[in-house]
Every structure is written in C-alpha cells, then in structure tokens.
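Novice: Can you keep this structure in mind? I'll have questions shortly.
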Amino acid sequence: MKILIYTHPDKRNSSSYLKTIPEKVPATTVAVFDFKGFFDMLRSERIGQVIAVLMISSDQELEDFIAIKGLLYDGPVVIILLDYEDSMISRALSLKPKFLAFRRNDIDAVCEVIKKLI
C-alpha cells in the first residue's frame, strides 16, 4: 500500500511528520507532493491502493481538497490540521477522513492509525 502525503511546498510546519511517518510505518511506499503533484497522482490509473495523508494548513488548501473530494473516496484519508479552528474542522470532516488530527498532537498516534489502515 502506498502512502501519499500532501503538504504545502513550505514544509516548516510538517518536517517532523515527513520524517517520522516513513520511519514508523515500515514496508510502505511514501511519497510527498504539493497539490498539483498529489492531484495528478490521484488521477493516475496506475496508482493502486493508497492512504492519503493531507497536511492542511490553510482554508484555501482545504477548499482545494473539498473541490476534488471525489478522487479521495477510493481509499482512506487521514487529515492533519494546523490549528483547532471549528470552521476548518467541520469542513475537513466533509472529506470523510478515517482520522482527524492536529499538528500539535502526538505523531505516534497518527502513525498507529496509518499502520491499522494498511
């Protein structure tokens, strides 16, 4: 199973996640993309089963994923939001994630969820 991680090209807020997920979830293929690369990969017919990890840090990023949510329903989605903002949380839930976390949360919990989704 592949893990596709979306993060904004400015990875300062997500560097610990980007390092830890491949270390704690062995025997998987992990690839990190910006929005265009992530979108192109989801549309690819060769991709197979994937777990989408969306590291969303802005309203615009969230709206971009809501616009393509039909592509996300083929596999499990894990969403990691930057902040505890009620409006973002309710909109993120429209993507039907298997797990919703925040960047301040324990990264080990996120990795455990990903392992169970594999």
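The values are calculated or read from the model by the stated rules, or taken from the named source; none is laboratory data. What you see is a predicted model, and the numbers here were worked out from it, not measured in a lab. Heads up, the Cβs are rebuilt from the backbone with ideal geometry, glycines too, and the neighbour counts pull from every protein chain shown. The accessibility values were calculated without ligands, DNA or RNA, using every heavy atom of the protein model including side chains. Shrake-Rupley method; radii C 1.70, N 1.55, O 1.52, S 1.80 Å.
Novice: State the number of residues belonging to the stretch 57-89 that are within 10 Å of the chain's Cα centre (by Cα), closer than 15 Å to H8 by Cβ and either in contact (Cβ under 8 Å) with a residue 40 or more places away in the chain or in a helix (DSSP H, G or I) (or both).
Specialist: Matching residues across the stretch 57-89 total 1.
Novice: Give the number of residues within the stretch 50-92 that are open to solvent by 50 Å² or more (accessible area, probe 1.4 Å) and of a type in the set (G, A, S).
Specialist: Final tally of qualifying residues: 4.
Novice: Give me the pairs: first residue in the stretch 104-118 and closer than 10 Å to I51 by Cβ, second residue assigned to a helix (DSSP H, G or I) and open to solvent by less than 60 Å² (accessible area, probe 1.4 Å), beta-carbon distance under 8 Å, and six or more apart or on different chains, which are they?
Specialist: Note: pairs meeting the criteria are I114/I21.
Novice: Then there's this: All but one of (1) in a helix (DSSP H, G or I); (2) surrounded by 11 or more Cβ atoms within 10 Å (Cβ to Cβ) hold for K36, so report the exception by its number.
Specialist: With respect to (1) in a helix (DSSP H, G or I); (2) surrounded by 11 or more Cβ atoms within 10 Å (Cβ to Cβ), K36 is out only on (2).
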